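A quick write-up on the structure given underneath.
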Amino acid sequence: MELGIEAAVTFTGLLNNPTGAGVFDASDIYCQPSVWQEASGLGVLEAMSLKLPVVASNTGGLPENVQDGRSGILVPVGDSEAICAALEKLLGDPGLRRRMGEAGYHLILKEHRIEEVARKYVEVFTGRSCM
């Protein structure tokens, strides 16, 4: 079936190191259509740290990182039409892509810096706040 997307999409196959291969650098949007319960989705966090807007399934821990309508678009699990609509929306609006990418980047700076993550681990394991 001819989809007419060959100029906009590259199907790479399996990549062991997508960051090293420059996949994020060459992307305008990050899409993670998970069908299982992602714990957190490291790929989503990596994409957000590079100011990419995210389209992700509304499952597991993904909604904790992707703020629907702000840093990306959440879609129902397995809903290919919703994924397509989200991608089309972002492809058609460079300003929206930029705003969502910036929002995701600022979320990373606020919630996922190593200092913040380490502080949270200390609190979990010791039961004490360490501000």
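Values quoted throughout were computed directly from the atomic coordinates according to the rules given, and no laboratory measurement underlies them. Computed from a prediction, not measured in an experiment: that's the story for all the values here. Counting neighbours? That spans all protein chains shown, and the Cβs are built from the backbone with ideal geometry, glycine included.
Name the most mobile residue of LYS120, LYS89, LYS110, meaning the one with the largest mean-square fluctuation, in a Gaussian network model of the chain with Cα contacts below 10 Å.
LYS120
When a/c is below 1.5 the answer is rounded, else prolate if a/b is larger than b/c, else oblate, so apply that to the range 30-126 with a ≥ b ≥ c taken from the square roots of the Cα gyration tensor eigenvalues. Could you put the intermediate results ahead of the total?
Details: a/c = 3.14, a/b = 1.50, b/c = 2.09.
Since a/c reaches 1.5 but b/c is at least a/b, the shape of the range 30-126 is classed as oblate.
As a test of the formula, what do you get for the chain when each DSSP H run with n ≥ 4 contributes -39,500 (n - 2.57) and the sum is divided by the residue count, at 222 nm and rounded to the nearest 500 deg cm²/dmol?
The per-residue figure over the chain is -12500 deg cm²/dmol.
List every residue whose amide H lies under 5 Å from the amide H of SER57, counting only residues 5 or more places away in sequence or on a different chain, with H placed 1.01 Å from N in the peptide plane.
It is GLN32, SER34, VAL75, by chain and number.
Rank by packing, highest mean first: peptides 33-43, 10-20, with packing defined as the count of other Cβ atoms within 10 Å averaged across residues.
Values: 33-43: 14.5, 10-20: 8.5.
Output ranking for 33-43, 10-20: 33-43, 10-20.
What dipole magnitude, in Debye to the nearest 20, does the chain give about its Cα centre under +1 on Lys/Arg Cβ and -1 on Asp/Glu Cβ?
The dipole of the chain has a size of about 560 debye.
For the range 109-122, in order, what is each residue's ³J(HN,Hα) by Karplus, 6.51 cos²θ - 1.76 cosθ + 1.60 with θ = phi - 60°, in whole Hz (x at glycine and Pro)?
Values, residue by residue: 4, 7, 9, 10, 5, 4, 5, 5, 5, 4, 4, 5, 4, 4 Hz.
For GLU81 and ASN16, FRET efficiency with R0 = 35 Å and r from the beta-carbon atoms, rounded to 0.05?
The computed FRET efficiency comes out at 0.65.
Hey, what do the phi angles of the range 100-106 turn into as Karplus ³J(HN,Hα) couplings, whole Hz, using 6.51/-1.76/1.60 and θ = phi - 60°, x for Gly and Pro?
With the stated coefficients, the range 100-106 comes to 5, x, 5, 4, x, 4, 5 Hz.
Test of understanding: in a Gaussian network model of the chain with alpha carbons linked when under 10 Å, which of ALA85, ALA47, ALA26 would top the mean-square fluctuation ranking?
ALA26
Of ARG113, ARG97, ARG70, which has the largest mean-square fluctuation in a 10 Å C-alpha GNM of the chain?
Checking each option, the largest mean-square fluctuation is seen for ARG113.
Stretched out fully, how many nm does the piece from ALA7 to GLU111 gain, at 0.36 nm a residue minus the Cα gap?
Using 0.36 nm per residue and subtracting the Cα-Cα distance, I get 33.8 nm.
Show me, for the range 31-48, the HN-Hα J-couplings you get by feeding each phi into the Karplus relation (A = 6.51, B = -1.76, C = 1.60, θ = phi - 60°), rounded to Hz, glycine and proline as x.
Ordered by residue, 3J(HN,Hα) equals 10, 10, x, 5, 10, 10, 6, 5, 5, 9, x, 4, x, 4, 5, 4, 5, 5 Hz.
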